[in-house]
Amino acid sequence: MDPRAGDDHGEAGRTGAPFVVLSGITKRFPGIVANDDVNLTLVEGEVHALIGENGAGKSTLMRVLYGLYPPDQGRISVRGEDVRIHSPRDAIALGIGMVHQHFVLVDRFTVTENIILGAEGGPLLDMEAAHAKVAELATRYGFGVRPSALVEGLSVGEEQRVEILKALYRGVDLLILDEPTAVLTPQETDELFANLRTLRDAGKTIVFISHKLDEVLEIADRITVLRRGRVVGEATPSTTSKEKLAEMMVGRPVLFQLEKPDVQIGESVLRVEGLWAAPALRGVDLEVKSGEILGIAGVEGNGQLELAEAVVGLRPAVKGRIALDGADVTTWSVDKRRDAGLAFVPADRHGQGLVLNMSLWENCILGRQDDPGFSRFGLLLIRKIKELAAKLIRLFDVRARSLSAPAASLSGGNQQKLILARELESDPRLLVAAQPTRGLDVGSIEFVWTQLLEQKSEGRAILLLSAELDEIYALSDRILTIYEGRITGEYQPDASPEQLGLAMTGDQRQEEAS
Amino acid sequence: MPLLDLGAALALCLKYSTIIFLAGLGGLFCERSGIVNIGLEGLMVTGTVMAAWGAIEFGPVEGLLLGLLAGAVFSLVHAVATVTFRVDHIVSGVVINVVALGLARFLSQLFFGAATQSDSGIPDLPKLDIPLLSNLPWGLGRAFENMSPVVLVAFGLVWPAIWVLRRTRFGLRLRSAGENPEATRTLGVRVAPLRYAGVMISGALAGLAGGFLSIEVNQLYHEGQTQGLGFIALAALILGNWRPIPLMIGALVFGFAQAIPLRLDDFFLWSWLPEQFIRMIPYVVTIVAIAGFVGKVQPPAAAGRAYEGAGGT
Amino acid sequence: MAAAATSVPARRLPAWAQVALGQALALGLALALAALVGGVIIRLYHESPLDVYATIWRFSTERPSDIGRVLENATPLIYSALAVAVAFKAGMFNIGVEGQYLVGMVTAAAAAVTFDSLPAFALLPLVVLAAMAGSMIWAAIPAVLKVKTGAHEVVTTIMLNGVAISLLAWAILHPLRTTDTGLVDLRTDIFPDAAMFPTIAHTFGLEKQLPESVYLTWLFPLALLACVLVWFLLFRSRLGYEVRAVGSSAGSAQAGGISIGATQIKIFLISGALAGFVGLNQLLGDKGFLGSNYEAGLGFAGITVAFLGRNHPAGIAVAAVLIGMLKRGQDALALETNIPIEILIILQGVLILSVVIAYEIVNRRIARRRQHEIRAEETALEGAG
């Protein structure tokens, strides 16, 4: 992605007049302040980038602006007048539109039908006129979409253009794009940027939420950095650099300093060669040895989910090879891999970890119900299972009312502890841990980290996938960065956050920093 | 003479096809909005008894309208249960069918003094002879003599149905509610009223189909006269991939399958196949179609999820 | 960046207690609503609701023969509801119980008239096994189709119901047609006594209390046993565990190594086996032959009983007796009041609908509140982006 030479960053269309001003916006959720006294001014005819890590508050802020959440404190003014935005309808009426990260399009409809839904202009549809208007909009801003094409046949980039056209069709002047390039190829990104420049030059305002610093520097006129709900910096591309932005975004890492045990690293337990998995994993090689924690650092959506699921067996490998303790398990079922010593702590606790309606003790043997210790002649050995459950709950300090309480009644932290306890109890050779402390409180995080380090000293191999650099640093013996489905670099834990941040967010492949 | 039978068979076929098509068309609107309705049979039953009474009391046209209205009103139960209270679609449909039976018996007792049937000879609509078609050779013309106008109206509905679906705002929004309710909501369009409309359309048309059955076809009401045609309508709907013209074709095929055993008993082709097996044909065909064409059979995305069944508790 | 600390929101009652309370509340509300609606209708006929309800109660409990009749009614409903419930636990809908028990009756009849020379201890189990075999095959078809081709079991089972009706009609008309001449009804030969299920009256010498007209056979206690066995299956066996996991959270089950397709087929077969018993009481207790006047609708009735009983074996037993009482109540209404018996059918529908709606409301509120708590926790810690 070469920076476009000659981009004047908006001198042509910029009037500079403030369009939307957010003052003192504060938004709280139970237990956390997502936006903390945020001030933001958006002017006409600019591309304004809003950057920060996961959890920084970028999306929340824009959802407040778009009327999806009411702010707890603060004011919004549009063209100098204070307004209250109660719903997306209000926002659109004020000229504010939003394109979400996950598109909401009707696959079986044409482009035009998707665009005019809700804005048909009368009880009867005049499809010819609608097609014409869509086509006119598309040419005006340089979007290449055929109005009569069915959405289900479109590429991701084209779908995104349809979403943008939806907003433009309704006459918005401010367009919020939430991580728009997360799902685009480089070429599609270039096309998108060309479109955005055209819109900007026509006087529109674009808010570009992203974590990809290269792109931000390429397209943005102004940049605002959020961290932990607060604005920590503002910049323009000419006054900053990737390194400075990364530092502002990521800050100084390491919440806890845990002692990493000194462990003899042994044989190769997991070996992955040339692994491809649909849709986002594009050829990954890695190896994890016993007694080693390999940390895969990357922003969510860059192939981690596919990698974890492919290794566990929940997702078929389109290409490549997976070996566990030397055996080729690429085509093995989940059950067989588990029997061979694989354990999995999923990122999605509820969808892949626990059966919420079932009791605690029943969840404790998920995956091991056919072990001879837990069932005989097809009947469950309830007493033994409950004994195990009691032991796990005690060891891992899972706070619960009783063994029979449904898993749904546990807090997130306790649920995660339960899953971890269960998976470790099977004495695995390899533990795949995906985002293991997502959404947990400090105490639980520390507990999980301690546990993982302990497992390491017991000679297990751990494949850790995480978007939190703290975690990567605290646990990993080696670090691989992943971006757009490929490994972009290998580092030791003494690599700086800037280095990791850049590799995670789209910089070129770096030589191994040792 | 087999060829003579063909005409009579075709006549009967058109009648059954009308019933199947009407109910199926109603089901089409309902499911395209995202609500699965397996209660078409029960709605049809309601239509049969109310329409019969209406015809006796007032006249055939009023009877048909009453059947339509009764179906629409009764379908509100399904709408409220599934749309507002988000009860499982299948469960609600089963309840509709079960209650309809009891309701029909009750009403029949009330109206006709007998739990399971009315007197015969309900006044019906004057019959038409279709000008060109009734002169068809080989006895086929007989199918187009003495035809109930409802048949024409029913099949004629296919064009307005297509037009509503494709060319009106309501149709666009209805379809989007069935394909991607979230997309619909994000654009500020409320999904619930659309689904209510879809369900009530299915009730109305199923009720009309029932009315046609009791007034025009049998000239009486009797319990069980719907013979599972409501379920066959579902089959036709699925086979027709939830589109009006394929539905119509499916309805004709199934209608013909219904008519065959009654009119071609001695036709040599059928004599080796017992009547009961011929009756099975529409069902078997549907199963084969669904199993074989699963890739091609595409329910409206949201309704299809309801077909996947509920989660256990 | 690691997330900031969060506090766990305080809860008033343990979640499971909330759920149990909610279910009880919902059931109570639903019953009250149905009783109310019924009361209104009864008033329209100038009768007193309390009197009518008392009469229904009396007709079901006054004499041993009344109780016998209620239990006789309940018997097929228990099997049918169990069949529906076990499939439902895996997240599947077996609407095909209707067809499955018809096929079961055909195969049972075929066995009964073919092996008519066998003694009772051999013939009866054979007939029962034949019934189970027939209904299991009928259930296997949609199950395999679903797993292999993805065909919706709702549609395939309904279609197979239709096929079953025709199959039964053909069976009694052709292969199994009775050799007796001069009959008005279509039916098979009369089964030998050896194929008939012994009645409880006969076994305990209670013919006086439970006269001939009451067909309370050992199928009833067997049904209760089936409830116990199903409970064991669902909550104490490995298969039941896997079934519930698949039905509740297929993703987690799969991540745990459970094969979704295999589990679904197994439980559907069990469901089919249970369905085979549904027709046995009328076949081997009452009539002694398979004729065109068989009792239909027991499959759908099973669905309603299953939902009334919340898909739990204990609840099903209770609900089946309740519906059995309502059926008996039809006689009560007919004999003692001038209220048409169809009212009871309508009332049944009202009851079922209000129960289902009430349960859904309560369950969804509880689930939604819990989800909200959990999601708020997690969203907050993530800041939603």
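Miscellaneous remarks
- Within region A:305-353, the set of residues being modelled with pLDDT of 90 or more, assigned to a helix (DSSP H, G or I) and among the aliphatic types (A, V, I, L, M) comprises A:LEU307, A:ALA308, A:ALA310, A:VAL311, A:VAL312, A:VAL334.
- Hey, A:GLU136 assigned by TED's automatic domain parsing to the domain that holds A:ALA49 and crowded, with 17+ Cβ neighbours inside 10 Å or not: no
- Subset of region C:293-303 that is more than 15 Å from C:GLY349 (Cβ to Cβ) and not in a helix (DSSP H, G or I) - its residue that is nearest to the other protein chains (Cβ to nearest Cβ): C:ALA296
- A:GLY121 vs. criteria more than 28 Å from the chain's Cα centre (by Cα), within 11 Å of chain B (Cβ to nearest Cβ) and part of a loop (DSSP other than H, G, I, E, B): yes
- Of the strands (runs of 3 or more DSSP E) lying entirely inside region A:260-304, those containing at least 2 residues that are within 17 Å of the chain's Cα centre (by Cα) span A:293-297.
- Counted as qualifying within region C:89-192 are the helices (runs of 4 or more DSSP H) with 1 or more residues that are within 13 Å of chain B (Cβ to nearest Cβ) and surrounded by fewer than 21 Cβ atoms within 10 Å (Cβ to Cβ), namely C:120-149, C:153-173.
- Summed over region B:167-212, the residues that are among the charged types (D, E, K, R), in a helix (DSSP H, G or I) and more than 8 Å from chain A (Cβ to nearest Cβ) give a count of 2.
- Considered as a group, the residues in region A:48-80 that are in a loop (DSSP other than H, G, I, E, B) and at the interface with chain C (Cβ under 10 Å from one of its Cβ atoms) include one that is farthest from A:ASP178 (Cα to Cα), and that residue is A:TYR69.
- Condition check for A:PRO3: over 25 Å from the mean Cα position of the chain (by Cα), of a type outside the set (S, T, N, Q) and at pLDDT 65 or above: no
- Scanning region C:38-49 for any residue that is aliphatic (A, V, I, L, M) and in contact with a Ser or Thr (Cβ under 7 Å, 6 or more places away or on another chain) turns up nothing.
- Options A:LEU420, A:LEU424, A:LEU392, A:LEU440; residue that is within 8 Å of chain C (Cβ to nearest Cβ), under 32 Å from the mean Cα position of the chain (by Cα) and either buried (at least 19 other Cβ atoms within 10 Å of the Cβ) or under 26 Å from A:GLY266 (Cβ atoms) (or both): A:LEU440
- Matching residues, region B:118-135, being hydroxyl-bearing (Ser, Thr, Tyr) and either over 24 Å from B:ALA55 (Cα atoms) or in contact with a helix residue (DSSP H, G or I) (Cβ under 8 Å, 6 or more places away or on another chain) (or both): B:SER118, B:SER134
- Hey, A:VAL83 more than 14 Å from every other protein chain (Cβ to nearest Cβ) and either within 20 Å of A:ASP178 (Cα to Cα) or hydrophobic (A, V, I, L, M, F, W, C) (or both) or not: yes
- Unmet criterion (only one of (1) surrounded by fewer than 20 Cβ atoms within 10 Å (Cβ to Cβ); (2) touching a residue at least 12 places away in the same chain (Cβ under 8 Å)) for B:SER202: (1)
- Matching residues in region B:106-159 - criterion: being more than 22 Å from B:ALA204 (Cβ to Cβ), within 12 Å of another protein chain (Cβ to nearest Cβ) and part of a helix (DSSP H, G or I): B:GLN109, B:LEU110
- Pick from region C:304-350, criterion aliphatic (A, V, I, L, M), within 12 Å of chain B (Cβ to nearest Cβ) and under 16 Å from the mean Cα position of the chain (by Cα), ranking: nearest to C:ARG63 (Cα to Cα): C:LEU326
A quick yes/no check of all residues on (1) more than 9 Å from chain C (Cβ to nearest Cβ); (2) within 27 Å of C:PHE88 (Cα to Cα); (3) in a helix (DSSP H, G or I):
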{"site": "B:LEU66", "(1), (2), (3)": "yes, no, yes"}
{"site": "B:GLY71", "(1), (2), (3)": "yes, no, yes"}
{"site": "B:VAL80", "(1), (2), (3)": "no, yes, yes"}
{"site": "B:VAL83", "(1), (2), (3)": "yes, yes, yes"}
{"site": "B:VAL98", "(1), (2), (3)": "no, yes, yes"}
{"site": "B:ALA104", "(1), (2), (3)": "no, no, yes"}
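- Residue-level analysis places A:ALA308 outside the set of residues that are out of contact with any strand residue (DSSP E or B) (no Cβ under 7 Å at 6 or more places or on another chain) and within 14 Å of another protein chain (Cβ to nearest Cβ).
- Test: residue in region B:258-277 that is within 14 Å of another protein chain (Cβ to nearest Cβ), within 25 Å of B:SER92 (Cβ to Cβ) and modelled with pLDDT under 85: no
The values are calculated or read from the model by the stated rules, or taken from the named source; none is laboratory data. As the structure is a prediction and not an experimental result, all values here were calculated from the model. All Cβ positions, glycine included, derive from the backbone under ideal geometry; neighbour counts span all protein chains shown.
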